[in-house]
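Below you'll find the structure, written out as structure tokens, and then a few comments.
The values are calculated or read from the model by the stated rules, or taken from the named source; none is laboratory data. None of the values given here were measured: they were computed from a predicted structure. Positions of Cβ are backbone-derived with ideal geometry, glycine not excepted, and every protein chain shown enters the neighbour counts.
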Amino acid sequence: MSPAGSVPTMSVDLASSEVNNDPFPYLNAVREEAPAVYNPAVDRWMVGRWDDLRAMLKDDQRCIQDAEFFDDIFGARLFIADQNPTHKEYRDIWADSFRHGFVQTYRDELETLVDGITGPVDVALAKGEEVDIMATLASTPALFISRMLGLEENDTDRFATWAQTMNGIAGSVVEGPTERGARMREEGLEASRAMCAFAGEQLDQRREAGRTDDLIGLLAHSPIGDEMTQAQREGHISLLTLGGHETTHKLLGQMIVLLGRNPDQRAAIAADRSLVRPAVEEILRFAGVIGAVVREAAEDLEIGEVTIPAGSQVLGLPTAANRDPGRWEDPDRFDIFREPKAHIGFGFGPHACIGMNLVRLEAEIVLNRVLDGFPDYQLVEPQIEYGRNWFVRGPVAVNITA
Ligand code: HEM
């Protein structure tokens with residue numbers, strides 16, 4: 001919905017290769033321009049300042065999810081698209097499984113999994129071969145979320161492919177109303193239907209077997225799950241799969257790139273492993289896997305001196321807020337030694353990422369293992385190619401040598 005009158009405006013093609021290759025100059029410019037900026041190229045408002053974005057994400061009654069966007073992806077109303085109180089009721093089915101303390105119980109299993117993946121990487125690197133991290137080590141999250149869901153090993157690849165294709169739906173928002181955008185969306189929706197159908201079979205199996213020892217089993221036997229339609233139950237499994245695969249896959253790729261480009265900081269972490277944690281947080285702040293979150297103004301929203309009219313679509317930009325100079329000194333510098341401060345890479349408020357503790361654990365284990373096995377790795381290409389979707393941003397391939 002185009003705004004009436006004079007408002008801060010920046011028309012930028014979000015799918016252009018300039019923005020995709022390096023979105024930060026554009027995101028910084030949006031943040032500097034005004035508290036809220038209208039982008040006619042995608043007919044959406046953009047909010048990128050730290051305080052404004054947090055206030056917006058906290059207010060899930062006036063600043064609501066774009067429910068239609070998610071309903072379309074998953075074919076049903078899921079907690080990611082809902083407001084409280086329903087949102088919390090549904091989210092709570094799995095909230096305990098993702099709490100910090102519980103996630104730590106996966107540590108041994110995850111370390112074994114990562115060792116299994118890095119073993120062949122060590123061997124190949126020792127032979128002087130190049131290894132693509134995205135095709136090897138960065139598959140850890142896909143394998144692990146599949147385990148948490150209780151999937152058979154040979155179903156993991158199918159799930160990973162569906163999740164990857166489904167990400168095209170978010171990418172189609174970036175593309176705008178183009179032929180390519182329409183195709184990405186259609187392919188994503190097809191993958192979603194396939195994933196939901198498969199999830200339905202898995203739910204039936206858990207019900208028949210009376211199993212509650214995995215995430216699908218918890219949903220199959222939850223009283224709240226009983227209140228959902230079958231489409232909602234299937235959609236929720238797709239949601240976890242989608243959240244669990246691509247995001248962390250890309251984060252791990254970003255981690256290898258950033259520490260590849262900053263060998264001094266990498267050496268410091270290798271020498272003092274208490275730096276692993278702050279390094280992961282700085283990677284999340286600086287790299288910005290989730291470029292934008294989508295919201296709708298349920299009523300007129302006052303963001304600073306700008307009014308976003310009711311009914312408008314809004315893109316919250318965590319990647320811009322994470323580089324707000326009002327919060328961080330020299331924010332465009334990657335610095336694992338900076339004073340620890342919360343970032344907004346996992347969102348904020350009721351919809352903040354349910355998987356954040358798992359992500360942190362996965363990234364810490366992988367980073368420790370890289371520093372044990374091949375601490376002096378080199379990036380083969382100085383320029384890394386990023387996909388055409390900075391909503392979920394990460395490298396396409398990261399080739400390294402030892
Ligand atoms: C690097 C990895 C990840 C990043 C950067 C990330 C980031 C985010 C962000 C920014 C949001 C908020 C979206 C919004 O406000 O609209 C979110 C929500 C969510 N994430 Fe993640 N995520 C990651 C990994 C995961 C994992 C591993 C899972 C599941 C296993 C997951 C599941 C979810 C779910 C289900 C939501 C919706 C929560 C709600 O609406 O209450 N994410 N994530």
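The residue that is nearest to the ligand (Cβ to nearest atom), counting only those in segment 313-358 that are small (Gly, Ala, Ser) and out of contact with any Ser or Thr (no Cβ under 9 Å at 6 or more places or on another chain), is 347. When you scan segment 283-299, do you find a residue that is outside any helix (DSSP H, G or I), at pLDDT 95 or above and touching a Ser or Thr at 6+ places or on another chain (Cβ under 6 Å), even just one? Yes. Can you confirm whether segment 262-275 contains a residue that is within 16 Å of the ligand (Cβ to nearest atom), within 30 Å of residue 25 (Cβ to Cβ) and in a loop (DSSP other than H, G, I, E, B)? There is no residue in segment 262-275 that is within 16 Å of the ligand (Cβ to nearest atom), within 30 Å of residue 25 (Cβ to Cβ) and in a loop (DSSP other than H, G, I, E, B).
When 238, 222, 274 are checked against the criterion of being surrounded by fewer than 18 Cβ atoms within 10 Å (Cβ to Cβ), hydroxyl-bearing (Ser, Thr, Tyr) and in contact (Cβ under 8 Å) with a residue 24 or more places away in the chain, a single residue qualifies: 222. The single condition from (1) within 16 Å of the ligand (Cβ to nearest atom); (2) closer than 24 Å to residue 98 by Cα that residue 258 fails is (2).
Kindly indicate whether any position in segment 24-37 is modelled with pLDDT under 90 and either of a type outside the set (A, V, I, L, M, F, W, C) or surrounded by 15 or more Cβ atoms within 10 Å (Cβ to Cβ) (or both). The answer is no; no qualifying residue exists.
Got at least one residue in segment 2-18 being assigned to a loop (DSSP other than H, G, I, E, B), on the phi > 0 side of the Ramachandran plot, out of contact with any Ser or Thr (no Cβ under 9 Å at 6 or more places or on another chain) and free of Cβ contacts under 8 Å to residues at least 40 places away in the same chain? The answer is yes, given that some residue of segment 2-18 is assigned to a loop (DSSP other than H, G, I, E, B), on the phi > 0 side of the Ramachandran plot, out of contact with any Ser or Thr (no Cβ under 9 Å at 6 or more places or on another chain) and free of Cβ contacts under 8 Å to residues at least 40 places away in the same chain. Does residue 142 meet the test of being surrounded by fewer than 20 Cβ atoms within 10 Å (Cβ to Cβ) and not acidic (Asp, Glu)? Taking the combined requirement at face value, the residue does not satisfy it. When restricted to residues that are closer than 17 Å to residue 253 by Cα and among the hydrophobic types (A, V, I, L, M, F, W, C), segment 134-162 contains 8.
Just one of the listed residues (129, 190, 201, 186) is outside any helix (DSSP H, G or I) and either within 21 Å of the chain's Cα centre (by Cα) or more than 23 Å from residue 356 (Cα to Cα) (or both), namely 129. Taking the stated definitions as given, is residue 266 closer than 27 Å to residue 390 by Cβ, of a type outside the set (A, V, I, L, M, F, W, C), modelled with pLDDT of 90 or more and more than 21 Å from the chain's Cα centre (by Cα)? Answer is yes for this residue. It is to be established whether one or more residues within segment 50-58 are assigned to a loop (DSSP other than H, G, I, E, B), out of contact with any Asp or Glu (no Cβ under 8 Å at 6 or more places or on another chain) and under 18 Å from residue 316 (Cα atoms). Scanning segment 50-58 turns up no residue that is assigned to a loop (DSSP other than H, G, I, E, B), out of contact with any Asp or Glu (no Cβ under 8 Å at 6 or more places or on another chain) and under 18 Å from residue 316 (Cα atoms). Scanning segment 277-305 for residues that are over 24 Å from residue 171 (Cβ atoms) and free of Cβ contacts under 8 Å to residues at least 60 places away in the same chain, we see that the one that is nearest to the ligand (Cβ to nearest atom) is 282.
When 175, 179 are screened for being more than 26 Å from residue 109 (Cα to Cα), in contact with a Gly (Cβ under 8 Å, 6 or more places away or on another chain) and acidic (Asp, Glu), only 175 passes.
Can you tell me which residue among 151, 113 is in a helix (DSSP H, G or I), touching a Phe, Trp or Tyr at 6+ places or on another chain (Cβ under 7 Å) and not acidic (Asp, Glu)? Only one candidate passes the filter, namely 113.
Before we move on, is residue 256 within 30 Å of residue 78 (Cα to Cα), under 22 Å from the mean Cα position of the chain (by Cα) and in contact (Cβ under 8 Å) with a residue 60 or more places away in the chain? Judged against the criteria, residue 256 is not a match. Search segment 181-208 for residues being closer than 18 Å to residue 393 by Cβ and not aliphatic (A, V, I, L, M), and hand back the single one that is surrounded by the fewest Cβ atoms within 10 Å (Cβ to Cβ). Here the residue is 181.
Residue 149 falls short on exactly one of the conditions (1) closer than 30 Å to residue 378 by Cβ; (2) touching a residue at least 40 places away in the same chain (Cβ under 8 Å), and that condition is (1).
The single condition from (1) touching a residue at least 40 places away in the same chain (Cβ under 8 Å); (2) crowded, with 19+ Cβ neighbours inside 10 Å; (3) not small (Gly, Ala, Ser) that residue 156 fails is (1).
Identify the residue in segment 68-88 that is without any contact (Cβ under 8 Å) to a residue 24 or more places away in the chain and part of a helix (DSSP H, G or I) and, among all such residues, is surrounded by the fewest Cβ atoms within 10 Å (Cβ to Cβ). Ranking the candidates gives 68 first. Taking the conditions (1) assigned to a helix (DSSP H, G or I); (2) modelled with pLDDT under 95 in turn, residue 254 satisfies each one other than (2).
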